[in-house]
Amino acid sequence: MATIGTSLETEERELEPRDAMAASGGIPWWERNLAWLLVAPTIVLLIVFAIVPTIMLVRFAFSQVLLQRGGIKTVGVGFDNFARALQDPLVHDAVGITLRWVVVVTTLEVLLGLGLALLLAGNVRGRGIFASLLIIPIIMPPVAVSVAWLFAYDYTFGIFNYLLEQVGLAPVRWLSDPAIALYSMMAVDVWQATPFVFLLLYAAILSLPRDPYEAAAIDGAGRWHVFRTVTLPLLGPVLLVVVLLRFIDAARAFDKIYVMTRGGPGTSAYTMTLTIYNEAFAKFDFGYASALSFLFQIVMIVVGTIYVKRALADYSAPAE
Amino acid sequence: MQDESIAKDGGASRLNRRTLLKGSAAAGAAVALGPISKRSAFAVPAYLQGTNIVFAITNDNAPQVQPLLDDYSKKNNVSIEVQPNPYAGLQQKLTLALTQGTGDYDVVSMDDPWMPQFAGGKFLMNLQDLMDKKGIKPDPDFIPELLALGDFPKGTGLRGIPWVGNVQVFAWRKDVIDDLKLETPKTWDDVLAAAKAITDAKSASGLYGIGLRGIAGNDAATSFLPVLRGFGTDLFNDKWQPQLETDAAKKALDLQLALAKLAPPGVENTGHPQNGRNMYSGITAMSGDIWPDQLLQIYDPSVSKVVGKVDIGAEPAESGVKPANMTGNWLLGVPEGSQSADAALDFILWFTAAEQQKRLLMDQSIPATRTSVMQDQEAVAKFPFLPGLLAAAKNALPRPRTPSYNAVEAVYGQYVAQAIAGQVSAADALANANKEITDIMVKSGELKQ
């Protein structure tokens, strides 16, 4: 008690002169509110670009939205839009397609990116040039990449079918066969996003401490053993963040699919984002599109939160 | 006014020699340039002077119309700010801007299926009213069937004036038809038989019997609608009840699916540009979904392998059904909320005049909406298909004139595409489309249940 009393008294004594200055108007208002002023732009941006649209989205999700002269009119429909989403076969398909897309591209991108990073982190000649070349796909706009691949995949004029014909194989309907088209487009995403994974993991590998490797070498550990017991655990936190980033980006897949097949053949590549877009801007059903968007956001937030809590729990700093 | 301002500024002190020289030079230039420009600087109405017109148009059309816009700007002391957008982007932006009356645009270029939504909702100014105030009547030179596209609801006055006379036609390779000793198809069953004969005989050498579009939405819908109509039905009856669960619709989709099997590989992912390319590259021998921009490529020796080998005509129709083509015109309108409505109208009337229409046709290969231009001897010499196109335009039908057409098209275009891709059966596609379209029409209040 005595300690507390002493400390409070000390605080009071320390605060006295400042309070006195403030009372007499010595500290300008902006200095007194500096903390608020510094965060104010961020708060304003957050309100304008995140909170207001989210409120509008939720409002629309429970409404039929009518575009009428003089403004948007909303008619409350309760949970109708959500009930419709649960029964809509197009949405069921879109969930499956999105899951397939996320799992396949994230897995391939992480495995290939990790492989490349390990390869180039070794003493490979010309690794600087390789690393520079690998960055090119990242800086290319997705639409330009999609158009280039669209030509490459063309049944009649495309380079892939030309090469197949040169070795005596039948041409493939890369983008028009419902069994193949989705995977053809996944390949484009893998081509463009793998260098991103590579770049992060390459930097992480180069910054790993050397001591564990020296100890492992003294103990005579093999390459695979070193990778499994030293490299992978040390890379763990970065790897898990990379997986999360790729997962989120892959779940939002839109541009490449839209440019290359607009979700086709038929609707075989309608991901969730493409389905939402189609409902909003082809059918102009903003209420239903908002409900789908809301559900999609909730799922993403829940999955992301669980992942972060579970996966990164082992790497959290111990409580002091 | 000048005397008054001079007096207020303290007598003649501001009227110095430099001012006089400048004024004389400007007057001299105006007198010299007057006969060259149609409207001298002094004849330009006050509402045009220094006005800024914001013009929303497609990416493809923007560079094509720029020379005309430059001329109009110079002649009228008007600046025109062009806002180009891809097709889907333009539709989305106009839907939001027009319905909300943002006043973002003064002149908008619109595909004719959008007119019922934009004109029906009164999101566009009534050009007829604006013209009446100035004592201007619609020029009878416009092809009546195309001018009527801007009058929605019918009889309420023009809210759009057509400037691109697009009409969908049936096109066929007469050399291939002759080579295989086939008759020119008149019905869709004839088309199927001819397509089968051609694909069987020529696919090994890279020629297929038919070309059509299979991408979900507008593409698949636009290829299917003429077939549906050719079987004697339409998307709706006169009470706006969907007609996709009828025998005629079933026959039409079965035929479309049979045709898709005879089309070049990749039909599921074929859109408008690819369908045209297949025709002018000599990959397809027939298509019921050819538009004037594609005809221009077919007749262009620099890109086409089939110059002079393609004929066009009305869409095939089963016996007893009147053959018809489909319009896909582009119209100009003035959104409600525009602050430069008079200037916008002046621009639209100038832009759609015969002189400008001919320039667009001759220089930019944009089909005209005026009879005199489509019959112009110089134009016909350059584009021999113009008489056929004019005949098709006079016999053309628009897509169903409902404000909900965009949503309706997205639905049946999706199911037709799914059927072509083998995702659903024809019967399920039609039943699902019919149900969803019914829901849309009930929700919009156009159909009472």
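The values are calculated or read from the model by the stated rules, or taken from the named source; none is laboratory data. Predicted model only: the values in this text are computed from it and were never measured. Counting neighbours? That spans all protein chains shown, and the Cβs are built from the backbone with ideal geometry, glycine included. Accessible surface areas use protein heavy atoms only, side chains included; no ligands, DNA or RNA. Shrake-Rupley method; radii C 1.70, N 1.55, O 1.52, S 1.80 Å.
Structure summary
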{"read-out": "Residue mean of other protein chain beta carbons inside 10 Å, B:415-423", "value": "5"}
{"read-out": "Spread of Cα-to-Cα distances over 10 Å intervals beginning at zero, given as percent, for region A:14-164", "value": "8, 13, 18, 20, 18, 14, 7, 1, 1"}
{"read-out": "Mean ellipticity per residue at 222 nm, deg cm²/dmol - from DSSP H runs of n ≥ 4 across the protein assembly as shown, formula -39500 (n - 2.57)", "value": "-17500 deg cm²/dmol"}
{"read-out": "Among the listed pairs B:Lys122/B:Lys435; B:Lys133/B:Lys443; B:Lys75/B:Lys122; B:Lys75/B:Lys133; A:Lys256/B:Lys122; A:Lys73/A:Lys256, those beyond 27 Å (Cα-Cα)", "value": "B:Lys122/B:Lys435; B:Lys133/B:Lys443; B:Lys75/B:Lys122; A:Lys256/B:Lys122; A:Lys73/A:Lys256"}
{"read-out": "Cα coordinate range in the protein assembly as shown, projected on the principal axes (Å, largest first)", "value": "102, 93, 62"}
{"read-out": "Per-residue mean of C-beta atoms belonging to partner chains within 10 Å, peptide A:172-184", "value": "3"}
{"read-out": "Selected from B:Gly103, B:Ala194, B:Asn76, residue furthest toward positive end of dipole (chain B; charges at beta carbon)", "value": "B:Asn76"}
{"read-out": "Burial of 10 Å² or greater, region B:48-92 residues [accessible area, probe 1.4 Å, versus chain by itself]", "value": "B:Ala88, B:Gln91, B:Gln92"}
{"read-out": "Shielded residues, region A:40-79 - accessible-area loss of 30 Å² or more between chain alone and all protein chains, probe 1.4 Å", "value": "A:Gln64, A:Leu67, A:Arg69"}
{"read-out": "Calculated on alpha-carbon atoms, Rg and Dmax of region B:123-256 in Å", "value": "20.5, 64"}
{"read-out": "Rg and Dmax of chain A, Cα atoms only, in Å", "value": "27.4, 93"}
{"read-out": "Highest-MSF residue in chain A out of A:Leu111, A:Leu67, A:Leu150 [GNM, Cα springs under 10 Å]", "value": "A:Leu67"}
{"read-out": "Zone residues, region A:106-130, relative to A:Tyr213, backbone N less than 17 Å from point 7 Å out along Cα-to-Cβ", "value": "A:114-128"}
{"read-out": "Under the Karplus curve 6.51 cos²θ - 1.76 cosθ + 1.60, θ = phi - 60°, whole-Hz ³J(HN,Hα) for region B:391-398, x wherever Gly or Pro sits", "value": "4, 5, 4, 5, 10, 8, 10, x"}
{"read-out": "Listed residues B:Val191, B:Val321, B:Val108, most fluctuating in chain B (Gaussian network, C-alpha, under 10 Å)", "value": "B:Val321"}
{"read-out": "Solvent exposure of chain A as accessible area per residue, Å², 1.4 Å probe", "value": "58 Å²"}
{"read-out": "Förster-model FRET efficiency, 51 Å R0, B:Ser372 and B:Asp175, C-beta, rounded to 0.05", "value": "0.95"}
{"read-out": "Solvent-accessible surface (1.4 angstrom probe) belonging to A:His225, in square angstrom, nearest 10", "value": "80 Å²"}
{"read-out": "Calculated P(r) of region A:192-276 - Cα pairs past 21 Å, %", "value": "51 percent"}
{"read-out": "Å² of accessible area per residue within region B:357-447, as computed with a 1.4 Å probe and no ligands counted", "value": "34 Å²"}
{"read-out": "Under 15 Å, Cβ to Cβ, from B:Val310 - net charge with Lys/Arg +1 and Asp/Glu -1", "value": "-2"}
{"read-out": "Sulfur and carbon atoms: percent of accessible area, the protein assembly as shown [1.4 Å]", "value": "61 percent"}
{"read-out": "Mean accessible surface per residue for region B:181-251, computed with a 1.4 Å probe while every protein chain stays in place, in Å²", "value": "42 Å²"}
{"read-out": "Antiparallel bridge percentage (DSSP; both residues within chain B; nearest 5)", "value": "60 percent"}
{"read-out": "Extension gain (nm, one decimal) between B:Asn77 and B:Val321, 0.36 nm per residue minus Cα-Cα", "value": "82.6 nm"}
{"read-out": "Percent of Cα-Cα distances greater than 24 Å, calculated over region A:120-263", "value": "50 percent"}
{"read-out": "Local electrostatic count, B:Ala216, Cβ distance below 15 Å [Lys/Arg +1, Asp/Glu -1]", "value": "-3"}
{"read-out": "Listed residue pairs exceeding 19 Å between alpha carbons, taken from B:Lys181/B:Lys305; B:Lys154/B:Lys358; B:Lys202/B:Lys309", "value": "B:Lys181/B:Lys305; B:Lys154/B:Lys358"}
{"read-out": "Built amide H within the under 5 Å cut-off of A:Ser63, gap 5+", "value": "A:Val77"}
{"read-out": "Inter-probe distance in nm under a simple model that places probes 7 Å from Cα toward Cβ, at B:Leu257 and A:Phe82", "value": "3.8 nm"}
{"read-out": "Solvent-accessible area of B:Ile136 with every protein chain in place, 1.4 Å probe, in Å² to the nearest 10", "value": "50 Å²"}
{"read-out": "Beta bridges per DSSP with both ends in the protein assembly as shown, % antiparallel, nearest 5", "value": "65 percent"}
{"read-out": "Within 10 Å of each Cβ in A:256-266, the average number of Cβ atoms from other chains", "value": "6"}
{"read-out": "Compactness of region B:291-388 as Cα Rg over 2.2 N^0.38 Å, two decimals", "value": "1.35"}
{"read-out": "Chain A, relative contact order in percent, only Cα pairs under 8 angstrom and at least six apart counted", "value": "25 percent"}
{"read-out": "Accessible area buried between chains B and A, both sides summed, probe 1.4 Å, in Å² to nearest 100", "value": "2600 Å²"}
{"read-out": "A:Leu99/B:Met362 FRET efficiency (R0 51 Å; Cβ-Cβ; nearest 0.05)", "value": "0.40"}
{"read-out": "Over chain B, volume per residue of the alpha carbon convex hull, in Å³", "value": "161 Å³"}
{"read-out": "Mean projected area in nm² (Cα convex hull; one quarter of hull surface) for region B:61-184", "value": "11.5 nm²"}
{"read-out": "Within a Gaussian network of chain A (alpha carbon springs, distance under 10 Å), most fluctuating of A:Ala193, A:Ala148, A:Ala61", "value": "A:Ala148"}
{"read-out": "Förster-model FRET efficiency, 45 Å R0, B:Lys137 and A:Leu57, C-beta, rounded to 0.05", "value": "0.40"}
{"read-out": "Environment charge at A:Asn161 (Cβ cut-off 14 Å; Lys +1, Arg +1, Asp -1, Glu -1)", "value": "-2"}
